[in-house]
Amino acid sequence: VVKEAGINEATLGVFSWAMYEPREGEFHLDWLVQIMDDLYQNGISTILATPSGARPVWLDNKYPDVMRVDANGVRNRHGGRHNHCMSSEKYREKVRIIDRKLAETVGDHPGLIMWHVSNEFGGECFCDKCKSKFREYLRERFHNNIDELNHEWWTTFWSARYSDFEEIDPPYSNGQTAIMGLNLEWKRFTSRNYSDYLSVEIDAIREHSGNAKVPITTNFMGRYYGIDYRVLAKKR
């Protein structure tokens, strides 16, 4: 039916982590290889997505710090998609493992024409790890000079002045949201954190794929303003 419809490319693997790895360390990729073989034999190429857009239940249950903390400072429960913390080292470790397995298994498949990392990046995490990285970002951004930050953000208004970078929280919805400089730099930090995370997946694919010439990309969402796509677009 796909061939009769004139389709010559198919995207596979989006949100398939629970099928690839139903239990931690137990991998099932034969079904993917079979589908890619069948498509290729019928003149249809594969755009293969990494499965990191949604995590299996076992991952969240065993490693709860991979789940995001919302703008009120409350950690999410398992569910939906893009409910993960881009700063979580455990999440990055598990993503590297599954991406490596995919690259080693089908990275040199003749039908593979493109890698598609995750799916529709978006959202924010307000966990302690992200807060710590945000403060590091601000130290760099303002030359480790808290007076410079106070001047640029006009924090004297409403007695919002900071005496140390360690006093600065992200713009929690039940906290400080009235400083426009804080809100802007949080958005910039979030874009940089996504870009840093994107490198994790790209590097895992490049390192273990049998064909380094296959392009790697991700999908952007038109007029979505939660991330500066110009930052992500620099990744190759």
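According to the Cα-based calculation, Rg over Rh for the stretch 93-231 is 1.10, with Rh computed by the Kirkwood formula. Measuring r between the beta carbons of residue 203 and residue 15 and using R0 = 30 Å, the FRET efficiency lands at 0.85. Remark: C-alpha extents of the chain on the principal axes read 68, 34, 31 Å, sorted largest to smallest. Ranking 88, 46, 56 by how far each Cα lies toward the positive end of the dipole of the stretch 1-146 (charges on Cβ) leaves 88 at the top.
The accessible surface of the chain, taken with every protein chain in place and a 1.4 Å probe, is 49 percent carbon and sulfur. Dipole magnitude for the chain: about 260 debye, using +1 per Lys or Arg Cβ and -1 per Asp or Glu Cβ, origin at the Cα centre. Expressed to the nearest 5 percent, the antiparallel share of DSSP beta bridges inside the chain is 25 percent.
Going toward the positive end of the dipole of the stretch 103-233, with +1 on Lys and Arg Cβ and -1 on Asp and Glu Cβ, which of 159, 202, 218 do you reach last? Farthest along the dipole direction, towards plus: 218. Based on protein heavy atoms only, the chain ends up with 52 Å² per residue of surface accessible to a 1.4 Å probe.
Ranked by the mean number of other Cβ atoms within 10 Å of their residues, highest first, the peptides 91-103, 31-43 fall in the order 91-103, 31-43. Selection among 8, 71, 33 by position relative to the dipole of the stretch 1-135 gives 71 as farthest towards the positive end (Cβ unit charges, Cα centre). Take the residue pairs 90/133; 94/235; 213/235; 133/213; 187/235 and return only those whose Cα atoms are more than 24 Å apart. The pairs that break the limit, which is 24 Å between Cα atoms, are 133/213. Each eigenvalue of the Cα gyration tensor of the stretch 124-187, multiplied by 5 and square-rooted, gives one semi-axis; in descending order these are 17, 15, 10 Å.
The values are calculated or read from the model by the stated rules, or taken from the named source; none is laboratory data. What you see is a predicted model; the values in this text were computed from it and never measured. We place every Cβ from the backbone using ideal geometry, glycine too, and count neighbours over all the protein chains shown. Heads up: the accessible areas ignore ligands, DNA and RNA and are worked out on the full protein's heavy atoms, side chains in. Shrake-Rupley method; radii C 1.70, N 1.55, O 1.52, S 1.80 Å.
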